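Structure first, then comments.
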Amino acid sequence: MKISGFTIIRNAVINDYPVVEAITSILPVVNEMIVSIGDSEDDTEELIRSINSDKIRIVHSVWDKTLRAGGKVLAIETDKVRAHISPDADWAFYIQGDEVVHEKYHAAILEAAHKYKNDPAVEGLLFRYLHFYGTYDYVGDSRKWYDKEIRIIRNDKTIGAYRDAQGFRKGKTKLKVKLINAYVYHYGWVKSPEQMQKKIKHVSRFWNEDDVSLRHFLNSEDFFNFNEFDSLQRFTGTHPAVMLPRISKKNWHVDLDTRKKNFSFKKRLLYWFEKKTGIRPFAFRNYKII
């Protein structure tokens, strides 16, 4: 069995992406790792080359900054890098530059990949998610955070990145997937208030179609207010080993009140129901679990 990893990255240093940790976290379960480096304004390539692994293969790309509708450029770049994976790969493992897989899930990932390798009905493997917010001590637990998404797909060229590359589909058809016993830890919302706002400004260039509102936002204060959340809970588990050096260097403090629940009446009822049953009714699903 062969698994090919792939990812896209641009301006990793400017935006302080934990991309080294992201890539390193899946290296033990992939046979090769294709990293597409966009036209960056910093030392992103040097950062990627600092990873000591002969599994990594770097390709280069120029992002089309005019494709701002819904983050379309991210899907295009994701499909472009996936075209570089080895044709004999059975599975393709996608990781984003702010996502990390805990080493405790490596065995379960490999087990599932082996189990469904020869089952053509299974087009992808579905992961659960933890979304960290503000610091490494809090995770979002409301419906605004997607709780599952596809991260391993069959090496099938008819499968493509969907919308902003959050997930994958065959055209408009949802993939048939198996939910596996593994989580992705999403650290995209863990930065200092200053760095968080700067990152949002950089990323907004690929989302905001209104030039006037974009210019207004880019001229706003470089400080993100982490207190504007609907619901959080304390994280009591362990972080991936590859994240520990980064966590030890955290130099900001954000104290958030997990008792705060900023919901409408409807969302409060749905939140309560999910906590009681583990079921998330009426949620958007970018896949079909079989």
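We did not get these values from a lab; they are worked out from the coordinates using the rules stated. Everything quoted here is computed from the prediction, not taken from an experiment. Cβ atoms come from the backbone with ideal geometry, glycine included; neighbour counts cover every protein chain shown.
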Given labels modelled 7 Å from the Cα in the Cβ direction, how far is it in nm from ASN225 to LYS144?
1.2
Quick one: putting +1 on the C-beta of Lys and Arg, -1 on the C-beta of Asp and Glu, what dipole do you get for the chain around its Cα centre, in Debye to the nearest 20?
1500
Table column - 3J(HN,Hα) (Hz), the range 247-259, Karplus curve with 6.51, -1.76, 1.60, x for Gly and Pro
4, 5, 9, 4, 10, 9, 10, 10, 9, 10, 8, 6, 6
To the nearest 0.05, how large is the calculated FRET efficiency for ALA121 and ASN251 if R₀ is 35 Å and r is the Cβ-Cβ distance?
0.10
Taking just the alpha-carbon atoms of the range 102-210, what radius of gyration and Dmax come out, in angstrom?
16.4, 48
Once you mark the GluC sites (Glu not before Pro) that are in a DSSP loop and have at most 13 other Cβ atoms within 10 Å, what is the longest gap between them in the chain?
42-208
Which residue fluctuates the most in the chain, going by a Gaussian network model with Cα springs under 10 Å, if the choices are ASP39, ASP88, ASP79?
ASP88
Net charge around ALA165, counting only other residues with Cβ within less than 12 Å of its Cβ (Lys, Arg = +1; Asp, Glu = -1)?
+1
So, with points 7 Å from each Cα along the Cβ direction, the PHE282-GLU41 label distance in nm works out to 4.2
For the range 1-154, give the magnitude of the charge dipole about the Cα centre (Cβ charges: +1 Lys/Arg, -1 Asp/Glu; no others), in debye to the nearest 20.
560
Prolate/oblate/rounded call for the range 74-128, Cα gyration tensor, a/c under 1.5 rounded:
oblate
For PHE235 and HIS114 in one chain, what is 0.36 nm times their gap in residues minus the Cα-Cα distance, to one decimal in nm?
40.4 nm
What does the helix-only formula give at 222 nm for the chain: each DSSP H stretch with n ≥ 4 adding -39500 (n - 2.57), the total divided by the residues, and the result rounded to the nearest 500 deg cm²/dmol?
-7500 deg cm²/dmol
For the chain, what is the convex hull (Cα atoms) projected area averaged across all directions, in square nanometres?
15.6
Counting only residues 5 or more apart in sequence or on a different chain, those whose built amide H sits under 5 Å from that of ARG151 are LEU125, PHE127
Among ASN155, GLY134, ILE180, whose Cα sits farthest toward the positive end of the charge dipole of the range 101-186 (+1 at Cβ of Lys/Arg, -1 at Cβ of Asp/Glu, about the Cα centre)?
ASN155
